[in-house]
1. Roughly what would the spin-label model give for GLU9 and GLU115, points 7 Å off Cα along C-beta, in nm?
2. Based on other C-beta atoms within 10 Å, arrange PHE290, PHE184 from fewest to most.
3. Can you tell me the orientation of helix 9-21 relative to the chain, as the angle in degrees between its alpha-carbon axis and the longest Cα principal axis, to the nearest 10?
4. Hey, if you put +1 on the Cβ of every Lys and Arg and -1 on every Asp and Glu Cβ in the range 252-400, which of ALA310, TRP293, ALA270 ends up farthest toward the positive end of that dipole?
5. Determine ³J(HN,Hα), in whole Hz, for all residues of the range 275-291 in sequence, where each value follows from phi through the Karplus function 6.51 cos²θ - 1.76 cosθ + 1.60 and θ = phi - 60°; x replaces Gly and Pro.
6. Under a point spin-label approximation (7 Å from Cα along Cα-to-Cβ), what is the LYS53-ASP148 distance to one decimal in nm?
7. For the range 166-183 and the range 45-89, what is the separation of their Cα centres, given in Å?
8. Indicate the gyration tensor shape class of the range 125-231 (rounded, prolate or oblate), computed on the Cα atoms with a ≥ b ≥ c the square roots of the eigenvalues: a/c under 1.5 is rounded; otherwise a/b larger than b/c is prolate and the rest oblate.
Amino acid sequence: MPGFELWGEEEKKEVNDVLETGILMRYGFDGPRKSIWKSIELENEINKTFGSKYAQLTSSGTAALTTAMAALNIGVGDEVIMPSFTFVASFEAVLSVGAIPVLVDVDETLTLDPEAVRNALTPKTKCIMPVHMCGSMADLDALKTICDEHDLILLEDACQSIGAKYKGKYLGTIGHAGTFSFDFVKTITCAEGGVVMTNSEDVYLKADGYTDHGHDHKGVDRGADLHPFLGYNFRISELHAAVGLAQIRKLDTFLSIQQKNHTTLKDILAQIPEVSFRIIPEGGVDSCTFISWFLPTEELMKAFVAEMKAQGILAGNFYWYANNWHYIKQWQHLKEMKALNNLNEEQKVALAQLQDQDFSASDAIMGRCISTAISLLWTEEQIKEKGEKMVGVIRKVLSEANVIA
Ligand SMILES: *Cc1c(COP(=O)(O)O)cnc(C)c1O
């Protein structure tokens, strides 16, 4: 799954270019940097690789989401519809711009259920934010239709799905804006970093200024830049961008290894008729960072997890339902509004309602779902061994529950 598994000389070379000049900042110092511009190079490489018109690097994926929302004019009083299954960064970004996260159910795509999105629309809805979890995607055509009907913004959190495609286009390049994370465990890493991609020059220029204290970046003298609007510091450093540059050049390698390993493991698990797999929307191509699969009931999945743990082979299998990072059930700090600073009134009202909101439709999916991470380092034999052990545990659990003889 993560690019850090194939760390090598390429990354060291790119970082050394920066260390040679000592210019660690992405802006200015035109003379001493001796034409080394790793951040700009990486942004150009991102546009070339994924087909976006514009790319703005940031210090993290969370910062990329926050920046995208600010650039898309999402703020206080605006509702952002997002899924109940995601990484906490998605709602952190919504809250950080003063907007209201509206959490809705997921379906067997493990992403937004378009029907649940429709039911959550209000006059305050400003944005639909699908989160393409675990390498695959939401039904983007269905969500785009809703956005077009109601004049809403489509912002893709594609942080976990670098390299996956929908109807020929890379995830993250389909909505008004999209984001990737390059944190340490993502498909390509900068150690820490992220990007906002967009085809809108206006959104790009706003993201460019916002991530650097509102600088307009029009002149050659940074000190004389104008500040047409307020911003923050969400800049990436040249050292981080250098790592990303080496990594993005290996993306095709990462993806092809993932696809191969994914296919091998999936074929083994698919021997068992009681195992089913996450739905990939029509026209979608999974980036294959994980295999996400289901057993028929929550009880069976819990028994599988318990037995894998007992045998000491659970590592690399993520039971999100009981994991405190990725699913609404465990987000006590959000539901109890444990913010260090004061939230705005509309946010408080919305978060208070989360306590009683019915997520049984999501529970019914997530309770019987597990995601198995795909390593870039596995040998063919290791995958077969892993797969056969998993099949053994599944068969044991099914027979103990009298599902199979
Ligand atoms: C990793 C991740 C982020 C945030 O990225 P960071 O770079 O860690 O801040 C946002 N959304 C999702 C779905 C993620 O998995």
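1. Between GLU9 and GLU115, the label points sit 5.7 nm apart.
2. The most exposed by this proxy come first: PHE184, PHE290.
3. Compared with the principal axis, the helix lies near 20 degrees.
4. It is ALA310, whose Cα lies furthest towards the positive end.
5. Values per residue, Gly and Pro as x: 8, 10, 10, 3, 7, 9, x, 4, x, x, 10, 5, 7, 6, 6, 9, 9 Hz.
6. 1.8
7. Measuring centre to centre over Cα atoms gives 10 Å.
8. Oblate is the answer for the range 125-231, as a/c is 1.5 or above yet b/c matches or exceeds a/b.
Any read-out appearing in this document is the output of simple, stated calculations on the displayed coordinates, not a laboratory observation. Here the structure is a predicted model, which means the values were calculated and not measured. No Cβ is skipped: glycine too gets one built from the backbone with ideal geometry, and neighbour counts run over all protein chains shown.
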